[in-house]
1. Output yes when any residue across region 272-289 is of a type in the set (D, E, K, R), at pLDDT 95 or above and crowded, with 22+ Cβ neighbours inside 10 Å, and no when none is.
2. Quick check on region 125-135. Is at least one of its residues closer than 29 Å to Arg331 by Cβ and outside any helix (DSSP H, G or I)?
3. I'm told Gly180 meets every condition in (1) farther than 30 Å from Leu42 by Cβ; (2) surrounded by 23 or more Cβ atoms within 10 Å (Cβ to Cβ) except one. Can you identify the failing condition by its number?
4. Identify the residue in region 90-126 that is within 18 Å of the chain's Cα centre (by Cα) and surrounded by fewer than 20 Cβ atoms within 10 Å (Cβ to Cβ) and, among all such residues, is nearest to Ile322 (Cα to Cα).
5. Does Gln296 fit the bill of being without any contact (Cβ under 8 Å) to a residue 12 or more places away in the chain and surrounded by fewer than 22 Cβ atoms within 10 Å (Cβ to Cβ)?
6. Which count do you get for residues in region 213-236 that are touching a strand residue (DSSP E or B) at 6+ places or on another chain (Cβ under 8 Å) and over 30 Å from Ala148 (Cα atoms)?
7. Filter region 69-84 for residues that are out of contact with any strand residue (DSSP E or B) (no Cβ under 8 Å at 6 or more places or on another chain) and either of a type outside the set (Val, Ile, Thr) or modelled with pLDDT under 95 (or both); which is surrounded by the most Cβ atoms within 10 Å (Cβ to Cβ)?
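The values are calculated or read from the model by the stated rules, or taken from the named source; none is laboratory data. Nothing here was measured: the structure is a model prediction, and the numbers come from that model. Positions of Cβ are backbone-derived with ideal geometry, glycine not excepted, and every protein chain shown enters the neighbour counts.
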Amino acid sequence: MAQPRRIAVTEVNHWHSTYDAAYLKILTELKLEIVGVSDANLSIAEDRARQFGTKAFQDYRALVESTRPDFVIALGRHIDMPEIARFLIDRGVPFLMEKPMGTEAATVAGLADLVERSGAWVAVPFPNRYSPFAVKAKEMVAAGAFGAVSHLTIRLIRPTMDRYKVWDSPWMWDRKLAGGGALTNLGGHGMDLVPYVTGQPVRVASAVISNVVHAAEVEDYALATLRTAGGILAHVEVGYTMPTWPQNSSDIEMKVAGAKCLLRVVPAGLHILAPDRDEIIPTPMTATSSYFAFVQDCLARVGAGQPPAISARDCANAVALIHDAYHLAGRV
C-alpha cells in the first residue's frame, strides 16, 4: 500500500486539531492533502476548513463516505470516540485516534478487542515514547546502565483548564463527556511510559486527586504511584495548575533513578549523572514536541504494511490503570 496522502480529521472541536499537538498544522507541514474536517458544530468545522483550505462537514460519516480518505485522524469528545472508532473500523479505514478512546475502561478494552479481531489499523498517540528521554531511558534500562532501578518520575503540569474553553473544547469540564480531568487527559502518558521504559507490567499502588484550583467536577491535579512487577516505583503527577496562561508552558519532569546513575530531563536536554559521569545531552523537549514524529511514523507504517507502534491495546492498558487510580483515590 502506498503511504497515505489524503487525510481526513474528525470532530475538530478537540483542541488537538489546531492547538498543542496541532494535527492540522502537522499535516500541512508534511504537505499532505487534508480532504475534509468534520464537527457536529458546523461553525467550528467551517473555521478549521477556512484555516487549512479544505471542506467542512457536520457529520464525520458524511466526511468519510464523501472523501474516501487514505487515513483519518480521529478526534472528538471522549464520550463520542467509541462510536467514531467503530464506524472507521467497519469502513476499513486506517486511523489514529486520540486517547483515551472512551470514558470507561471496559469500553476501551472492548474497542481493543474489536481492533484485534478485525485486524484494523488503529494507532493511539502516546508520543512520549518517541521523546529523547524515553528512547535513552529504555536503551539504558536494557543495557543495565542504572543497576537496580529505584524509581521513575513522570510529571506533566499544564496551564489552566480555562484554555479548553478558549480552544472550543468546553466539554473537558464535564465529567460525563470527558470521563475525567487531568488524570484522564494527561495521566495516560505516564501510565503508558512506565511499562514501556521498564519493560515490566505495573499496577497502581496509591492515588490522590484534587479540584481545589478550578472547583470543577473533574480533577485539576492528580498523583498516582505505580509499582512494577520487579518492585520499581513510579510517580505519575499531572495537573492543570501551571500558573503561566496565556503562555502555554508546562512543568515537565521525567527521571529514572538507579543505583549506578540517574537520567532526567532538564531545560537543555538530558542529564546523565553518575559517580564518574556528569553529562548533558542537548536534546530539549516540550509537552508536544514528539507528535510530529509520531504522525510521520504512523503514515510510514501504514504504507509499509506494518502494525502501529502504539496500539488500541496499549491505550486500553493505560486507561485501565487510570480507572484503578480513580478507584484508589475514592472517586466513584
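1. Scanning region 272-289 turns up no residue that is of a type in the set (D, E, K, R), at pLDDT 95 or above and crowded, with 22+ Cβ neighbours inside 10 Å.
2. Checked region 125-135: at least one residue is closer than 29 Å to Arg331 by Cβ and outside any helix (DSSP H, G or I).
3. Unmet for Gly180, out of (1) farther than 30 Å from Leu42 by Cβ; (2) surrounded by 23 or more Cβ atoms within 10 Å (Cβ to Cβ): (1).
4. Checked region 90-126; the qualifying residue nearest to Ile322 (Cα to Cα) is Glu104.
5. Spelling it out, it is not the case that Gln296 is without any contact (Cβ under 8 Å) to a residue 12 or more places away in the chain and surrounded by fewer than 22 Cβ atoms within 10 Å (Cβ to Cβ).
6. The qualifying residues number 5.
7. Only one residue tops the list, namely His78.
Let's see how each residue does on (1) assigned to a helix (DSSP H, G or I); (2) hydroxyl-bearing (Ser, Thr, Tyr); (3) surrounded by fewer than 21 Cβ atoms within 10 Å (Cβ to Cβ):
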{"residue": "Phe146", "(1), (2), (3)": "no, no, yes"}
{"residue": "Tyr164", "(1), (2), (3)": "yes, yes, yes"}
{"residue": "Asp168", "(1), (2), (3)": "no, no, yes"}
{"residue": "Leu186", "(1), (2), (3)": "yes, no, no"}
{"residue": "Gly190", "(1), (2), (3)": "yes, no, no"}
{"residue": "Val197", "(1), (2), (3)": "yes, no, no"}
{"residue": "Gln200", "(1), (2), (3)": "no, no, yes"}
{"residue": "Arg203", "(1), (2), (3)": "no, no, yes"}
